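Report on the structure given below.
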C-alpha cells in the first residue's frame, strides 16, 4: 500500500511530466542558455568566434540608440494597440452574449482576422492604407479629404501597426471574454436584475469584476505578444527594391526586428544579437513576474 | 427606447463585423484579379482571373509547401496537445514534492517566447543534423507553455477526481486512466488547444524564415513570399495562394467553433 | 451520436499522430525524404552518370529559361533552382553558413552586395578554372574581383541604364515622342525639374514625371560618381548630398510622386497614365516594364539619363562547399551562359540579358534585342549597348552598401512624405541611422 502511494508521488508524476520538461529543456531552455553564452562573443556567423566578455552588453547601454528606439517603438505600438483591442473585445462580448440569434455567426466572423496569415495581413493592409490606391484614402478623398500617406510617414506608420493588432486580436479577446461571461452563473445576473440594476450597471458592477481573471490573463499574454512583435511590421515594410530597416524613420522597428536585423542582416552580428535577445528575455521575465504577481494576488483573494 | 437601443446595438455590431470581414474579403476578391489590374480599380467585387492565378501557383511548388505546412501543423498539434494534456493530468491528480515550484515553472514557460533563443536553436539543430529538415519548425511547439497552463486549468475544472479514484480501485493502470477516462473528459479543451496550435504553427513566419533554405521545405508563408521574387510581384497569385491557405483554418474553426468556445470557457478563464 | 463521431475522429487523429511520431523518431529525416521524393526519383535515375547542381536566386526571368535550355542541350546535367527573395539572399546564405546547412552549388550575387559576398568568402576563385578576366567588360569584372585578384563570380550581363518613357504621355505633354528630341530636351536634372513643374500644372496636379522618390534616389545613387567608402571613411554626406539635393529639386518642382518603390501598387503605375518616366536599366525592360505593362507594346521609348550610368548586375558564383564534379559542371554552365553562342543567345532572347563577354558585348550584330517593337521600333540595342555602355562608370562598392541603401530608401521616402523637409534635416536623420547601422568602430562616417 505504501509502495503504491509512493508510486503516485514518484514514478507516475515523473512519467507524465517528463515529456514536457525534457522538450522544454532541449528545445526552449537550452537554446536560450546557448544564446546567453553567445552573447559574450563577437561572431558574425561564419568567422572565428572571439570572446569579448560584457562588451556587447556595454555597447547596448552606452552606444546603441537603436535598441532604445526599438524599445520605445515596441511599447508605443503595444500600448496603443492592445488595450483598445482588449476593451473592444470586452464590450463586444458583453453586447453579443445575450443575443439569441446570430451569436455564433458574429463570433465566427469576428474571429476571422485572428486566423489570417500575417503575410496576408501585410498585403491587405498595404492595399487599405496605401496613399495612392489604398481603399481608405479613396474613401477619404471621396469624402472631400486629402489622402494621407499612412504607410510612408513615420508619424502614422506605428498607428497602422497598432491598428493591425486591434483588427487581428479583438475577435480573439472577444471569444475569451465571451467564454468568461458564459461561465458566470445566471443567478448573479438574476439577483442584480431584481435589485433593479440596468444593463450598464450590471456590466460595470458584475461583469467586469467577475472577468478580472480573464482580463489579467489577456494582459499578460498580450504584453508578451507585444514584445515579440515582428511579423506584422516586417511584412508591411519589406519588399524587393525599397526595403528599409524598421519602416519610415525606423518608426516601426520593434525589438525583435532589431534583433533579427542584427543577427541576419547584411552585416550580421550573432553575438551582439544574442545579447539583445537576452535583454529581451529579461524584460519579458520582469513583465511576466509582475503579471504573475497579479494573478497570484487574485488567487489569495 | 428599447427598440432604438437594440437597433443601435445591431448597427454597431454590423459595423464591427464589417470591419473584421472587409480585409478578409479583399484578400479573396483581390485574388480573382490579374496582378496588374488589382491596383487600377477598387477590387470590391470578384473578377474572373482566380483560375489563372491558381494555375500560376500550382505551377510552382505550392502543393509541396502546402503539404509541408500541413505536416508541420498536424504533427506539432498532436504531439504538443498530448504532452500538454499529460502535464495537466499530472498537476491535477498527483501530490508530490516541488509541485508548487513546478507550477510556477510552467507558468514561467508560458512566458518564454521561442524567438528569443532562435540563434542558439539554430546552432543546436545544426549539431543535431536536423537543420535541413522540417523538424526545427515542429520541435518548438512540443513544450508549449501556454498549452500546459491551459490544460492544467482545464482539467482542474472539468475532470472529477472521483472518476480517477474509482478507476484506480477497479485496477486500471495510470496510462489507461489517462487514455480512456481523462482524454474523453477533456475533449473540448483538447480540441480548442488543437485549433490554436494548428493555427499558430500554420501561420508561423519567423522560424521558417530562418530555417527554410530549400524549396522542398517551404511552408506556406515562405512560399507566398518567394512568389515575390519571380519576374515581378505577382500579387494576384500570392493572394490566391493565401486564400487557399486559409481554407483549412476556416474549415477547422467553423466546424469546431462550438467546442472552441466551450473549451475556452472552461480553460484559461478559470486560471 | 455526434459526440461519438468526434471521439472516434479524435482517437483516429491521435493514432495517426502516434504512428507519425514513432515513424519520425525512427526515420529521423523522414520528412526530408518525403519531400524530396518526387524530385528525388528523377535525380537518382541519372545520378549514375550525370551531375545535379543546385541554385539559389531571385532572378527567375533569367535562370528559368537558361536552365531549361541548358538541361535540354546537356542531358547529363540537372539544375534545381530555389527562388529566394532578393532581400533575403545574403541572409539565407549567412544563415546556412551559421547553421551549417548546405549551400547550393551556384547562386546569384547582386553587385549591390558584392563586398559582403567577398567578405563571406564562400565562392570559388573562377580564375582557377580558366576564367579569363580580360575577356569580359573590365569595369564589371573588376567589381567581382578581390584585391588579391580572385574573381568570385561571373557577371551575367552588362547593365546599362537609361530612362524609359511612355510615348503617349510624352506626346501629350512635350509635343514629341521622338527619343532624340526628348534626349535633347532632358539633358540635365534641371531640365527634368523645369518640365516636371510644367507637366504638373498642365495636368492640374495629376501627372508627375516619376512615380517614386525612392526610384529616383536609386537612379541618382547609381549615377553618382562619389565613392561610398574611401579607406576607413564612409563618404556619406557627399554621396547623399549629391543624390538628395537633386531629389529635393525634383520634389519641389512636383516632378516626383510618392509611391513606395517596388511595391505592387508602385509597379502598377507602369501601366497607368499618371507617370511619364521610369529609370530603366536594361534588365528592367523584362523585369519591370514588359512585365507590368504587357499591353503597352509600342508605347514605350528610352532616352539617356543626364549622366550615363549602370544599375544592378548579377554575378554567378560557385560555392566552395560543392564537390569538384559539381564545381566543374557549374563552371561549364557559366561558360555556356556567358561565352557560348547558344547560351548568350538564350540569355538575350529569353531574358533580355546581354553578356559581358566582350566578343559579344561589342559585336554590333549580336546586341540586337528581339523586343525593340515594344519600344516602337526604337533602336534601344544601340542606345544601351553602344552609347551607354561606353560612357557608363560604376562607383566601387563597400561592405556597408546595404545599410547606406536602407538609409537612402528611408530618406527618400521621408522627403516625399514631408515636403517641407530640408536637405540638412534629412542628412542629419540619415547620419544618425547610419551610425547605428555601421557597427564597425574603425569606420568613420563623414
### Task
Could you please let me know if residue A:57 is surrounded by fewer than 20 Cβ atoms within 10 Å (Cβ to Cβ) and over 30 Å from the mean Cα position of the chain (by Cα)?
no
### Yes/no for residue C:25 being buried (at least 17 other Cβ atoms within 10 Å of the Cβ), at pLDDT below 75 and within 11 Å of chain B (Cβ to nearest Cβ)
no
### Failed condition for residue B:162, given (1) out of contact with any helix residue (DSSP H, G or I) (no Cβ under 6 Å at 6 or more places or on another chain); (2) assigned to a helix (DSSP H, G or I); (3) in contact (Cβ under 8 Å) with a residue 40 or more places away in the chain
(3)
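Kindly indicate whether residue C:91 is without any contact (Cβ under 8 Å) to a residue 60 or more places away in the chain, more than 10 Å from every other protein chain (Cβ to nearest Cβ) and touching a helix residue (DSSP H, G or I) at 6+ places or on another chain (Cβ under 6 Å).
Numbers: without any contact (Cβ under 8 Å) to a residue 60 or more places away in the chain: yes; more than 10 Å from every other protein chain (Cβ to nearest Cβ): no; touching a helix residue (DSSP H, G or I) at 6+ places or on another chain (Cβ under 6 Å): yes.
Considered against the rule, which asks whether it is without any contact (Cβ under 8 Å) to a residue 60 or more places away in the chain, more than 10 Å from every other protein chain (Cβ to nearest Cβ) and touching a helix residue (DSSP H, G or I) at 6+ places or on another chain (Cβ under 6 Å), residue C:91 comes out as no.
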### Query
What is the residue count in the range C:338-379 for residues that are modelled with pLDDT under 90, closer than 26 Å to residue C:271 by Cβ, in a helix (DSSP H, G or I) and in contact with a helix residue (DSSP H, G or I) (Cβ under 7 Å, 6 or more places away or on another chain)?
3
### Task
Being in a helix (DSSP H, G or I), facing another protein chain (nearest Cβ under 10 Å) and either over 27 Å from the mean Cα position of the chain (by Cα) or more than 22 Å from residue A:294 (Cα to Cα) (or both) narrows it down to one of A:217, A:259, so name that one.
A:259
### Query
So residue A:152 clears everything in (1) at pLDDT below 85; (2) at positive phi except one condition, right? Which one?
(2)
### Message
For residue C:147, only one of the following conditions fails: (1) outside any strand (DSSP E or B); (2) crowded, with 22+ Cβ neighbours inside 10 Å. What is its number?
### Response
(2)
### Query
From the residues in the range C:104-130 that are surrounded by 19 or more Cβ atoms within 10 Å (Cβ to Cβ) and more than 21 Å from the chain's Cα centre (by Cα), which one is nearest to residue B:128 (Cα to Cα)?
C:124
### Message
Considering only the range C:295-308, I want to know if a residue exists there that is within 22 Å of the chain's Cα centre (by Cα), buried (at least 22 other Cβ atoms within 10 Å of the Cβ) and closer than 30 Å to residue C:431 by Cβ.
### Response
yes
### Message
Need pairs with beta-carbon distance below 7 Å; first residue facing chain B (nearest Cβ under 7 Å) and touching a residue at least 60 places away in the same chain (Cβ under 8 Å) and within the range A:14-33, second surrounded by 17 or more Cβ atoms within 10 Å (Cβ to Cβ) and in a helix (DSSP H, G or I); sequence gap 6+ or separate chains.
### Response
A:32/A:281; A:32/B:116; A:32/B:117; A:32/B:120
## Note on the structure
If we ask which residues in the range A:129-145 are surrounded by 23 or more Cβ atoms within 10 Å (Cβ to Cβ) and part of a helix (DSSP H, G or I), their number turns out to be 1
### Summary
Checked against (1) at the interface with another protein chain (Cβ under 8 Å from one of its Cβ atoms); (2) touching a residue at least 60 places away in the same chain (Cβ under 8 Å); (3) buried (at least 22 other Cβ atoms within 10 Å of the Cβ), residue A:154 satisfies every condition except (3)
### Task
Tell me which of these residue C:35 doesn't satisfy, since it passes every other one: (1) out of contact with any helix residue (DSSP H, G or I) (no Cβ under 9 Å at 6 or more places or on another chain); (2) over 30 Å from residue B:186 (Cβ atoms); (3) modelled with pLDDT under 50.
(1)
## Note on the structure
Counting only residues that are crowded, with 17+ Cβ neighbours inside 10 Å, modelled with pLDDT of 90 or more and part of a helix (DSSP H, G or I), the range C:417-430 contains a total of 4
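Any idea which of C:439, C:405 is in the same structural domain as residue C:164 (by TED's automatic domain parsing), modelled with pLDDT of 85 or more and surrounded by 17 or more Cβ atoms within 10 Å (Cβ to Cβ)? Lay out the reasoning, then the answer.
Details: C:439 fails: modelled with pLDDT of 85 or more.
C:405 is the lone residue from the list that is in the same structural domain as residue C:164 (by TED's automatic domain parsing), modelled with pLDDT of 85 or more and surrounded by 17 or more Cβ atoms within 10 Å (Cβ to Cβ).
Within the bounds of the range A:58-65, is there any residue that is touching a residue at least 40 places away in the same chain (Cβ under 8 Å) and in contact with a helix residue (DSSP H, G or I) (Cβ under 8 Å, 6 or more places away or on another chain)?
Kept after step one, since they are touching a residue at least 40 places away in the same chain (Cβ under 8 Å), are these residues of the range A:58-65: A:59-60.
Pick out the ones that are also in contact with a helix residue (DSSP H, G or I) (Cβ under 8 Å, 6 or more places away or on another chain) and you get A:59-60.
Taking every residue of the range A:58-65 in turn, at least one turns out to be touching a residue at least 40 places away in the same chain (Cβ under 8 Å) and in contact with a helix residue (DSSP H, G or I) (Cβ under 8 Å, 6 or more places away or on another chain).
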### Message
It is to be established whether one or more residues within the range A:170-190 are in contact with a helix residue (DSSP H, G or I) (Cβ under 8 Å, 6 or more places away or on another chain), in a loop (DSSP other than H, G, I, E, B), at the interface with chain B (Cβ under 10 Å from one of its Cβ atoms) and at pLDDT 85 or above.
### Response
no
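Can you pull out every residue in the range C:175-190 that is part of a helix (DSSP H, G or I) and touching a residue at least 12 places away in the same chain (Cβ under 8 Å)? Write out each step before concluding.
Taking the range C:175-190 and keeping what is part of a helix (DSSP H, G or I), we get C:179-185, C:189-190.
The answer is C:179, C:182, C:183, C:189, C:190.
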### Task
Would you mind telling me which numbered condition in (1) within 13 Å of chain B (Cβ to nearest Cβ); (2) modelled with pLDDT under 90; (3) assigned to a helix (DSSP H, G or I) residue A:45 fails?
(3)
### Summary
Counted residues in the range A:272-282 being facing another protein chain (nearest Cβ under 9 Å) and surrounded by 24 or more Cβ atoms within 10 Å (Cβ to Cβ) come to 4
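Within the range B:65-141, which helices (runs of 4 or more DSSP H) (wholly inside it) include 1 or more residues that are modelled with pLDDT under 90, buried (at least 20 other Cβ atoms within 10 Å of the Cβ) and away from chain C (no Cβ under 14 Å)?
Values: elements: B:99-110, B:118-128, B:135-139.
Here the list reads B:99-110.
Residue-by-condition table, conditions (1) modelled with pLDDT under 80; (2) crowded, with 20+ Cβ neighbours inside 10 Å; (3) part of a loop (DSSP other than H, G, I, E, B):
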| position | (1), (2), (3) |
| --- | --- |
| C:43 | yes, no, no |
| C:62 | no, yes, no |
| C:69 | no, no, no |
| C:82 | no, yes, no |
| C:88 | yes, yes, no |
| C:94 | no, yes, no |
### Query
Just wondering, is there one or more residues in the range C:213-234 that are buried (at least 21 other Cβ atoms within 10 Å of the Cβ), in contact with a strand residue (DSSP E or B) (Cβ under 8 Å, 6 or more places away or on another chain) and either at positive phi or part of a strand (DSSP E or B) (or both)?
yes
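The values are calculated or read from the model by the stated rules, or taken from the named source; none is laboratory data. Just so it is clear, the model here is predicted, and its values are computed rather than measured. Note that we place each Cβ from the backbone using ideal geometry, even for glycine, and neighbour counts take in every protein chain shown.
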